[in-house]
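**Q** Handing you this structure, nothing more for now.
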Amino acid sequence: MKAVWAVVEFVLRDIIQFQAFFSIFVLGAFIVATNLLQRRALDRSAEVMRQTTRAVQTTHMFADASQYFARRSPPTQWDILHLLPFLFLLGITLFFSILSYYAAQFHDVLKEPSFVLGGTTVYGRHSDVEVYNYQASSMFMISVAFLVAYIRVIAKLVERINTSDMRPISYYFLSVNMLTSVLVAIVTRHVAGALTPGEAMPTPDWVLALMAFVIGWNPKLWLDTIWKKATDYFKIVDLKPRIPDKENLPQDMNLMMIQGLDSEKIERLEELGVHNCQDLAERNPVVLWLRTPFTLELLVDWMGQALLCLYFEDERIELLRQVGVRDVFGYMEGLADDASMAAVVAVLNTAPAAPPADAGARAPRPAITADMLKMHKRAIPLDPAFVQLRELRTALAMPIVAEDIAPAARSGGDAPADDG
């Protein structure tokens, strides 16, 4: 038991004293892991692609996926151009880590008047104690904003591991985001001090912590909010595009419109940047297949549904599903001749169900004509997403024989696995 307590004391007294340097170790470990896991994921994806049937390998989607993974291959050897952004991020993190963890221990530093930390208290009629307290609160906001920005950097690195999209320039963006968070925290402290002047109305500590947290997580949102408030207060004319009327905004094509997608599957797709039907319809199913646990056939089915969602609102999508037209390929079959097209027109013009009593009024649906569907019949086959998805769908439907399977697959290689 004494040995265990000795370890606890060592951690509390010695290791925690170097917590600022430990944060550098954690960040560096995540960066190294980002590159190692990115290369491992790309190698496994390449192996799975070599085992794919020859029919799929001849499609445009497969060729595009090959180029996609080739562009994301990390360098095997780091030169100065790759090492400098990495060191810059570590240097920025180390500097603010030391300030955040150790500044409170050096009271003499905070007693020295500084325009950056003290603002107007430096040249105003304030005592040394007031200046110290104000500068200490500024350092408190800097520390909280930095720690939150640091966590956000770790989250971004994890996201980049999953998407295999870490570039040297990304380290500069992460560094600038951290610097921006600290700068905005300092300015916000001085603005809060100006709005609550005097010791009678000091800014509460919980307000400072809350503002620092919001700034550290998303400084741009905070800057946009402050700018809007300032322009409204000073009557500044900010020229910008006219905001569309809410009745004219496009429908939010949520992924829940796709049959077979539940919250867990949607969350997995959102990790790869797929947030709505538009995203899903334009993605490469081969890439998503290699980065998720879903089968290629299932992804093609979902994308066929997503393409159909680009042409109709949710009510008419549901009407088509009720008669068995559930994706863009079934829709194109329905436009094959005049008789089937007339049946589709009749389905799309079905009177809408009565809305619930608490639902807001919706604009009447425009009538669908055969001429509109003829326009779809001409336009959809010219859509590159439809053409390439149809080619891949046809390749998947071809019978598989021994001669069509790549040699690596016939030799008994490992089954495809999820790299996410």
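The values are calculated or read from the model by the stated rules, or taken from the named source; none is laboratory data. This structure is a prediction, so every number in the text was calculated from the model and none was measured. Here the Cβ is made from the backbone with ideal geometry for all residues, glycine too, and neighbour counts use every protein chain on show. We work out accessible area using only protein heavy atoms, side chains counted, and drop any ligands, DNA or RNA first. Shrake-Rupley method; radii C 1.70, N 1.55, O 1.52, S 1.80 Å.
**Q** So in the stretch 276-302, with the set limited to residues that are in contact (Cβ under 8 Å) with a residue 60 or more places away in the chain and not in a helix (DSSP H, G or I), which one is surrounded by the fewest Cβ atoms within 10 Å (Cβ to Cβ)?
**A** Pro293
**Q** Quick one: count up the residues across the stretch 303-316 that are surrounded by 20 or more Cβ atoms within 10 Å (Cβ to Cβ) and in contact (Cβ under 8 Å) with a residue 40 or more places away in the chain.
**A** 6
**Q** Now, a different point. Specify the residue that is modelled with the lowest pLDDT; the eligible residues are those in the stretch 184-204 that are touching a helix residue (DSSP H, G or I) at 6+ places or on another chain (Cβ under 8 Å) and either open to solvent by 80 Å² or more (accessible area, probe 1.4 Å) or outside any helix (DSSP H, G or I) (or both). Write out each step before concluding.
**A** Our first condition is that a residue be touching a helix residue (DSSP H, G or I) at 6+ places or on another chain (Cβ under 8 Å); within the stretch 184-204, this holds for 184-186, 188-194, 199, 203.
Add one more test, that the residue is either open to solvent by 80 Å² or more (accessible area, probe 1.4 Å) or outside any helix (DSSP H, G or I) (or both), and what stays is 199, 203.
On the way: Glu199: 55, Thr203: 75.
If we take residues in the stretch 184-204 being touching a helix residue (DSSP H, G or I) at 6+ places or on another chain (Cβ under 8 Å) and either open to solvent by 80 Å² or more (accessible area, probe 1.4 Å) or outside any helix (DSSP H, G or I) (or both), then Glu199 is modelled with the lowest pLDDT.
**Q** OK, next. Go through Phe88, Phe95 for me and flag whichever is part of a helix (DSSP H, G or I) and either small (Gly, Ala, Ser) or without any contact (Cβ under 8 Å) to a residue 40 or more places away in the chain (or both).
**A** Numbers: Phe88 fails: either small (Gly, Ala, Ser) or without any contact (Cβ under 8 Å) to a residue 40 or more places away in the chain (or both).
Criteria check complete, one pass: Phe95.
**Q** Which residues, counting only those in the stretch 344-369, are in a helix (DSSP H, G or I) and either modelled with pLDDT under 90 or surrounded by 14 or more Cβ atoms within 10 Å (Cβ to Cβ) (or both)? Working first, answer last.
**A** Restricting attention to the stretch 344-369, the residues satisfying the condition of being in a helix (DSSP H, G or I) are 344-348.
Correct list: Val344, Val345, Val347, Leu348.
One line per residue, one yes/no per condition, for (1) at pLDDT below 75; (2) under 30 Å from Leu290 (Cβ atoms):
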position	(1), (2)
Met1	yes, no
Asp14	yes, no
Ser23	no, no
Thr34	yes, yes
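**Q** Within the stretch 164-179, identify whether any single residue is buried (at least 18 other Cβ atoms within 10 Å of the Cβ), modelled with pLDDT of 80 or more, over 19 Å from the mean Cα position of the chain (by Cα) and part of a helix (DSSP H, G or I), and answer yes or no.
**A** No, the stretch 164-179 contains no residue that is buried (at least 18 other Cβ atoms within 10 Å of the Cβ), modelled with pLDDT of 80 or more, over 19 Å from the mean Cα position of the chain (by Cα) and part of a helix (DSSP H, G or I).
**Q** May I pose another question? Suppose we filter the stretch 115-155 for residues that are open to solvent by 50 Å² or more (accessible area, probe 1.4 Å) and either within 30 Å of Thr34 (Cα to Cα) or without any contact (Cβ under 8 Å) to a residue 24 or more places away in the chain (or both); how many remain?
**A** The total comes to 11.
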